[in-house]
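Engineer: Quick one: structure below, then a few questions.
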Protein chains: 2
Amino acid sequence: MTKLEIATAPMHRLCKKAGAERVSEKAAQELAKVLEEIGIKIAKEALDFATHSGRKTIKSEDIEIATRKALEK
Amino acid sequence: MTKLEIATAPMHRLCKKAGAERVSEKAAQELAKVLEEIGIKIAKEALDFATHSGRKTIKSEDIEIATRKALEK
């Protein structure tokens with residue numbers, strides 16, 4: 001993976017929300033990478049559902065069903 | 001969950017990376033919500049590992065092991 005779409009600043013805030021006092025920059029980058037990989041996996045599943053329904057637009061219900069499917073595996 | 005830390009613009013870009021032509025704004029919001037929930041889950045596990053190692057700082061190895069653990073369940 002080259003450039004990440006998810007920035008590290010929101011990752012730091014997520015870790016704070018989870019109760020962390022401090023988060024290294026490399027840890028924030030790692031979390032962004034992991035969430036990006038999961039996000040792309042979900043988006044690919046969602047695209048399959050949209051295409052199967054004869055749509056070119058991914059809708060929120062595609063994301064919902066794709067999330068259940070992607071996280072089951 | 002109130003305000004999301006992850007913005008919708010990067011979610012649109014993730015879906016494009018996954019091959020989607022169009023993504024509704026609600027779908028981008030849903031994807032941000034899902035990734036935020038997974039991110040907080042991983043961060044909480046990572047904090048447990050950091051604390052167990054006597055650290056207050058989450059490091060990238062904590063994120064790595066927490067990801068494996070969080071996605072197994």
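Engineer: Taking region B:13-73, how much of its Cα-Cα pair set, in percent, is spaced more than 18 angstrom apart?
Structural biologist: Across region B:13-73, Cα pairs with separations above 18 Å total 48 percent.
Engineer: Another one. What size of dipole, in debye to the nearest 20, comes out for chain A about its Cα centre when the only charges are +1 on Lys and Arg C-beta atoms and -1 on Asp and Glu C-beta atoms?
Structural biologist: For this selection, approximately 100 debye.
Engineer: To the nearest 10 degrees, how steep is helix B:8-17 against the longest Cα principal axis of chain B, on a 0 to 90 scale?
Structural biologist: Approximately 80 degrees, to the nearest ten.
Engineer: Determine the calculated [θ] at 222 nm for chain A from helices alone, applying -39500 (n - 2.57) to every DSSP H run no shorter than 4 residues and normalising by the residue count; nearest 500 deg cm²/dmol.
Structural biologist: Numbers: 3 runs with 51 residues, N = 73.
Mean residue ellipticity at 222 nm (helix-derived): -23500 deg cm²/dmol.
Engineer: Once phi is turned into ³J(HN,Hα) by the Karplus curve 6.51 cos²θ - 1.76 cosθ + 1.60 with θ = phi - 60°, what whole-Hz value does each residue of region A:23-40 show in order, with x for glycine and proline?
Structural biologist: 9, 5, 5, 5, 5, 4, 5, 5, 5, 4, 5, 4, 5, 5, 4, 5, x, 5
Engineer: Just to confirm the numbers: residue A:71, label point 7 angstrom along the Cα-Cβ line, distances to the other copies in nm, shortest first?
Structural biologist: Those label-point separations list as 1.4 nm.
Engineer: Please report, to two decimal places, log10 I(q)/I(0) for the protein assembly as shown at q = 0.22 Å⁻¹ as given by the Debye formula with identical point scatterers on the Cα atoms and no solvent.
Structural biologist: So the normalised log intensities are -1.29.
Engineer: Same structure, new question: Label-point separation (nm) for residue A:13 and residue B:21, each offset 7 Å from Cα along Cα-to-Cβ?
Structural biologist: 3.4 nm
Engineer: Most fluctuating residue of A:31, A:47, A:14 in a GNM of chain A with Cα springs under 10 Å: which is it?
Structural biologist: Between A:31, A:47, A:14, it is A:14 that shows the largest mean-square fluctuation.
Engineer: I want to check the label-to-label distance for residue A:37 and residue B:68. Put each point 7 Å from Cα in the C-beta direction and report it in nm to one decimal.
Structural biologist: 1.2 nm
Engineer: Using a 10 angstrom cutoff on alpha carbons, build the Gaussian network for chain A and name the most mobile of A:61, A:30, A:21.
Structural biologist: Result: A:21 has the largest fluctuation of those listed.
Quick note: the coordinates plus some simple rules give every number you see, no bench work behind them. All values reported here derive from a predicted model rather than from experimental measurement. Don't worry about glycine lacking a Cβ; one is built from the backbone with ideal geometry, like all the others, and counts go over all protein chains shown.
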